[in-house]
1. Using θ = phi - 60° and the Karplus form 6.51 cos²θ - 1.76 cosθ + 1.60, what ³J(HN,Hα) does each residue of region B:269-274 get, whole Hz, x for Gly and Pro?
2. Sorting B:L104, B:L90, A:L104 on the 10 Å Cβ count, fewest up front, what's the list?
3. Measuring from centroid to centroid over Cα atoms, what is the spacing of region A:209-239 and region B:287-331 in Å?
4. Just checking the output field for A:91-104: average partner chain Cβ neighbours within 10 Å of each residue's Cβ?
5. Using alpha carbon centroids, what distance separates region B:30-65 and region A:25-57, in Å?
6. If I take the Cα coordinates of the protein assembly as shown and project them onto the principal axes, what are the three extents in Å, biggest first?
7. Which of B:M293, B:M259, B:M312, B:M210 comes first, and how do the rest follow, when ranked by fewest Cβ neighbours within 10 Å?
8. Compute the distribution of all C-alpha to C-alpha distances in chain B, in bins of 10 Å from 0, and list the percent of pairs in each, rounded to whole numbers.
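All of the numbers you see were taken from the coordinates with simple rules; none came from a lab. In this text the structure is predicted, and so the values were computed from the model without any measurement. Cβ placement follows ideal geometry from the backbone for every residue including glycine, while neighbour counts extend to all protein chains displayed.
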Amino acid sequence: MSAKEKLLSVSNLNVAYGNINAVHGVSFDVAAGEIVALIGANGAGKSSILRSISGIIPYSGSISYKGKDLKQTAADFIVALGIAQVPEGRGIFGNLTVMENLKLATWHRQDKENIARDFDRVFTLFPRLAERKHQLGGMLSGGEQQMLAVGRALMSDADTLLLDEPSMGLSPVLVREIFRIIAEINKAGKTILLVEQNANMSLHIAQRGYVLETGRIVLSGTGQELMGNPRVKEAYLGG
Amino acid sequence: MADFYKNILERWQNISTHRFFWPVFFAAGLAFSIVASAFDILDLYLQLILIYVGINIILTVSLNLVNGYMGEFSIGHAGFMAIGAYTASLLTVNVFPAGALNYLFPLAIIAGGVAASVIGLIVAIPSFKTRGDYLAIVTLAFGMIVKSGLENIEVIGGPRGFLGMSKLTTLPWVFFWTVLSVWIIRNLVYSKFGRGVLSIREDEIASDLMSVNTRQVKIIAFVVSSFFAGVAGGLFAHALQFINPRMFDIIKSTDILIMVYLGGIASIAGSIIGAVIYTILLEILRPLGIWRMVLMPLMLVLLMIYRPRGIMGMREARFFVPLRDLLAAKLWKQKNKEAPDASA
């Protein structure tokens, strides 16, 4: 890890909603080209960490990306810097078409030729979306919406994708499909920070992982190590 | 008989998908409005109603940009209208030379719009610092502040109002400004900027995560909306030749809101339909006197029960939809018909 360059680094992150502390002094790093999984139960603070990185909730502590401190950076500019989030619940614009949803993610981009190329890429990766181009986002099935959400993040041309529960509400077949695509995107050069309750699948594709409990990191290690850890086995992998 | 209607419908669909008809409609409308007002084909009362219809279309379309497309709730549109009305009137009465008024009138209208949009900017900057329903409260207060402010400035007549404007708002001018406003707002809605506006209504946080600068988009949309309210105010003042602060109170703002929701949110065609129906109905029901103030809300209640999204809610007449969208959707439908896919 230390040999590689730190792309995203979070140190001593604290997030509070009113009097309730959701995240207590969490620190971790993500290196370029990695898949890092944050696993934990409901309310462990996983989503709060992603939201802080994207700049949509206030926090204390520091988060830096490519050496730049993100605290004073507006959410829309963080995307332009190269961090795109697929929010929990997907955040699809239901009354806009699939095409419009994808186009919105290119808001900050001026490079027309590359945008056209990225459209092709997304439609190759998700042929389903190409078929439904002119359908409203709200009319898609859950799996298609998840594909659209990931496709949108790719359209923003970010180097780093933050995925918040991509397997939520999907059938086992679709879950496998989504994880296969995540691994594929990672192979194509994107860094991925994955937040999941599905520990089994995510540790499988992740190079490294962190286990969160009530807002603290309690365990960390490579994906393999964590899968072998008795505590993880008992709590998240069903024995 | 059924064939006859079908035929007409098909004709209309053809017309509405050919952009060649835009300039034709514009030229025909302009010619009609010039002829009608020059040769007294329409009596003055009818002309005045048409002028009100035009002004109300401008007000409705511009408010729809904020309330319908962007999903925020602004209730101070009459305040911006008042600022436009007073600015334009002060210019034509006190500043511009009387001999050149006819030529300087567009300038006065634009000045009214600019004044309203500057105030709009001042209102928008603090209101959009936070998310949520603050805009409704701020604009409500703003409308009241404008009214009491105008009532307390003696130089412009205070509560007695301001007069001395010549009748500069003619049918052709109203037609021109109405088409211009509708055209500009329609183009705005179907631009990249418009997609940003829509995404704010759908999900503001997701919109932020898509790199849309939501605060900037909201401020610009609000400023554009206030500009056209100011334009409408300037036209209104020179149609009536008399304005007083009471004309621009909360009732007027409510009128505009009713037209927006009657016609349907997020629809240009809906705004036009809503403004036309509401304005004409108010005139037709005039003999009922105070009872029409009972009938109109009743109509609104029934509308909300049976058609909660308004006449054209969230839909658009093909006439206003960009050709590339119509074409793309048509091709896509054809393709799907040829190869019906196994849907999930």
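1. Calculated HN-Hα couplings, in order: 4, x, 4, 5, 4, x Hz.
2. Working: B:L104 17, B:L90 21, A:L104 24.
Least to most surrounded, the residues fall as B:L104, B:L90, A:L104.
3. Measuring centre to centre over Cα atoms gives 56 Å.
4. That average works out to 5.
5. 59 Å
6. Principal extents (largest minus smallest coordinate, Cα): 91, 63, 45 Å.
7. If I rank by nearby Cβ atoms, fewest first, I get B:M293, B:M312, B:M259, B:M210.
8. In whole percents, the pair-distance histogram is 5, 23, 32, 25, 11, 3, 1, 0.
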